[in-house]
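One structure, as structure tokens, below. Some questions next.
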Amino acid sequence: MARVETIPELYDTTIWKFKAEGNANITLSYVGENARFSATVLRLRKDNQLDTIIDSCSYVNSVMKPLLGDEYVGESILLEIRPEFLKALSKSILKMRSNNRTQKDIDHNQKYALLMSDHTMFPSNISPTLSVELKYLKQGHITRYCPLDLFSLEDKRIRKAIDALIDCPRNNLKLFIQGMQIKIGKENWPTSLCKFFEVDYSELDDKKQQYVIDMFIALLIQAIKEEQYLFRKLKTLQKTLDELDIEGINKLLITYQPKLSELSLEEWKLIVDEYVKRTATNNSNNENAREFMSTMEYKQIRQRIYEHLMSATLKDCSIIFSFRKSDMRDVARQNSHSSPIFQNKERLQQISLSDNYLDRSYVYKVNVIDLDPKPLAKLPYYQELDAKIVENYLKCNATNNSKCSE
């Protein structure tokens, strides 16, 4: 379980600003003056959720972090909170929320909020931060984006994937400057890139726009290739945790879903242990799993269904890169940065842009986010989503006359 803290100075609604929200959570940015909490966010659960903040935090720490590694999954603190603070927050951020989201309010009865690093920012204001959030999962829309291109670690294929995401970002590509989201595709959106790369944008013609977009893509491709261990790890986990594919899992669910229930944390740990044992033998592949599915015992079937839920989390996660210009202080930090509030050290990597671009060095950090557990009750939804994704791949390949493949 994460650390539990009571921090009275954080129970002030004026130091929190609305940042983002999804179906289950609302995220607020710290805008107060205490440098100790610089670049932190507060994550709050919304009404009518099947799991709690504690469930989510425990799952990330005990299930996802051991699989992905401490260096890619940030630390969270459970901040004790009271109903009166939550009610005041609800009122203070209401006008900043999208109208189609306000039917679900902050859960005023939750006892904890998650205090986390803001991965779209660096704690210090040495220079502006450019952050890129990439989602592996291709949503149910026909686009040219193929996640396998992104994970190929080949320059041309990564470029093809990023170009497709820029053309149709939807929820698969998000861009932030100093923690503020930039709407890709909006008129003159490359102006924000000009500011980050320090390129004159007083006369922003098509040629200059393409130049800074190319700089952005080159920087991102270089970072992705530097993080090939992470991309290969994610690809392997997504594949080996879902060996039975949609058809196999559906067959098992018809018979066994009534016998299943939500797992405790200790039960999830056992599922992870069993998965690690099986994959360590190097006998783990889709063909073997499907071949022996009819002879599996209940314990094995149960294991594969819960692994499928873990796979659903990893298919829906996001990878977020944050960049800023490098300076001499980064050398002194020896490729890591210590937070004044979180115990883990952030790993900083240095890369450079040259050739046709400004010869500058940048520092970046990378994190995997959106690692919440997928509830058993939503298995039919995830099955339907998987089916739509497969259908979309087929339509996309037919439309583009190109194959999205390993």
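List the residue pairs whose Cβ atoms are under 6 Å apart, where the first residue sits in segment 255-283 and is farther than 16 Å from Leu241 by Cβ and assigned to a helix (DSSP H, G or I), the second is open to solvent by less than 50 Å² (accessible area, probe 1.4 Å) and hydroxyl-bearing (Ser, Thr, Tyr), and the two are 6 or more positions apart or on different chains.
Close Cβ pairs (under 6 Å, with a partner that is open to solvent by less than 50 Å² (accessible area, probe 1.4 Å) and hydroxyl-bearing (Ser, Thr, Tyr)) amount to Leu265/Ser58; Leu265/Ser62.
For segment 164-222, name all the residues that are more than 28 Å from Thr40 (Cβ to Cβ), touching a Ser or Thr at 6+ places or on another chain (Cβ under 7 Å) and open to solvent by less than 20 Å² (accessible area, probe 1.4 Å).
Ala164
What is the residue count in segment 102-115 for residues that are open to solvent by less than 80 Å² (accessible area, probe 1.4 Å), within 22 Å of Ser56 (Cα to Cα) and not in a strand (DSSP E or B)? Give the steps one after another, and end with the answer.
If we filter segment 102-115 for residues that are open to solvent by less than 80 Å² (accessible area, probe 1.4 Å), which is where we start, we get 102, 104-108, 110, 112-115.
The next check asks that each one be within 22 Å of Ser56 (Cα to Cα); those that pass are 104-108, 110, 112-115.
Applying the additional criterion that residues be not in a strand (DSSP E or B) yields 104-105, 107-108, 110.
Final tally of qualifying residues: 5.
Here's something else I'd like to know. Determine whether segment 135-154 contains at least one residue that is of a type in the set (Asp, Glu), open to solvent by less than 40 Å² (accessible area, probe 1.4 Å) and closer than 21 Å to Glu346 by Cβ.
The initial filter retains those residues of segment 135-154 that are of a type in the set (Asp, Glu), namely 149, 154.
Now drop any that are not open to solvent by less than 40 Å² (accessible area, probe 1.4 Å), which leaves 149.
Next cut, closer than 21 Å to Glu346 by Cβ only: none.
Scanning segment 135-154 turns up no residue that is of a type in the set (Asp, Glu), open to solvent by less than 40 Å² (accessible area, probe 1.4 Å) and closer than 21 Å to Glu346 by Cβ.
Let me ask something else. Do we find a residue being more than 22 Å from Val60 (Cα to Cα) and modelled with pLDDT of 85 or more anywhere in segment 305-324?
yes
Hey, any hits in segment 249-261 for a residue that's aromatic (Phe, Trp, Tyr) and open to solvent by 80 Å² or more (accessible area, probe 1.4 Å)? Steps first, answer last, please.
In the first step, residues of segment 249-261 are kept if they are aromatic (Phe, Trp, Tyr); the result is 256.
Retained after the next criterion (residues that are open to solvent by 80 Å² or more (accessible area, probe 1.4 Å)): none.
Within segment 249-261, not a single residue is aromatic (Phe, Trp, Tyr) and open to solvent by 80 Å² or more (accessible area, probe 1.4 Å).
To continue, here is another question. Being surrounded by fewer than 13 Cβ atoms within 10 Å (Cβ to Cβ) and either modelled with pLDDT of 90 or more or of a type in the set (A, V, I, L, M) (or both) is the filter here; which residues of segment 5-30 pass it?
Once the filter is applied, which keeps residues that are surrounded by fewer than 13 Cβ atoms within 10 Å (Cβ to Cβ) and either modelled with pLDDT of 90 or more or of a type in the set (A, V, I, L, M) (or both), segment 5-30 yields Thr6, Pro8, Glu9, Asp12, Thr14.
Which residue out of Glu133, Glu71, Glu75 is within 30 Å of Val276 (Cβ to Cβ), charged (D, E, K, R) and touching a Phe, Trp or Tyr at 6+ places or on another chain (Cβ under 6 Å)? Outline the logic, then answer.
Working: Glu133 fails: touching a Phe, Trp or Tyr at 6+ places or on another chain (Cβ under 6 Å); Glu71 fails: touching a Phe, Trp or Tyr at 6+ places or on another chain (Cβ under 6 Å).
On inspection, the qualifying residue turns out to be Glu75.
Okay, next question. Among residues belonging to segment 1-47 that are small (Gly, Ala, Ser) and in contact with a helix residue (DSSP H, G or I) (Cβ under 8 Å, 6 or more places away or on another chain), point out the one that is farthest from Gln343 (Cα to Cα). Step through it out loud before you land on a result.
Step one: list which residues in segment 1-47 are small (Gly, Ala, Ser), which gives 2, 20, 22, 24, 29, 32, 35, 38-39.
This time we only want the ones that are in contact with a helix residue (DSSP H, G or I) (Cβ under 8 Å, 6 or more places away or on another chain), so: 2, 32.
Details: Ala2: 11, Gly32: 21 Å.
Filtering first and then ranking leaves Gly32.
Take residues that are small (Gly, Ala, Ser) and tell me which of the helices (runs of 4 or more DSSP H) falling wholly in segment 129-230 contain 1 or more.
Answer list for segment 129-230: 155-167, 190-197, 206-226.
While we're looking at this one, here's another question. Tell me, yes or no, whether segment 71-81 has at least one residue that is exposed (fewer than 14 other Cβ atoms within 10 Å of the Cβ) and modelled with pLDDT under 95.
no
Further, regarding this structure: Among the numbered criteria (1) modelled with pLDDT of 95 or more; (2) closer than 23 Å to Ile158 by Cα, which single criterion is violated by Leu270?
Single failed check for Leu270: (2).
The values are calculated or read from the model by the stated rules, or taken from the named source; none is laboratory data. Note that the structure is predicted; figures quoted are calculated from it, not measured. Note that we place each Cβ from the backbone using ideal geometry, even for glycine, and neighbour counts take in every protein chain shown. Remember, those area values only see protein heavy atoms, side chains included, never the ligands or the DNA or RNA. Shrake-Rupley method; radii C 1.70, N 1.55, O 1.52, S 1.80 Å.
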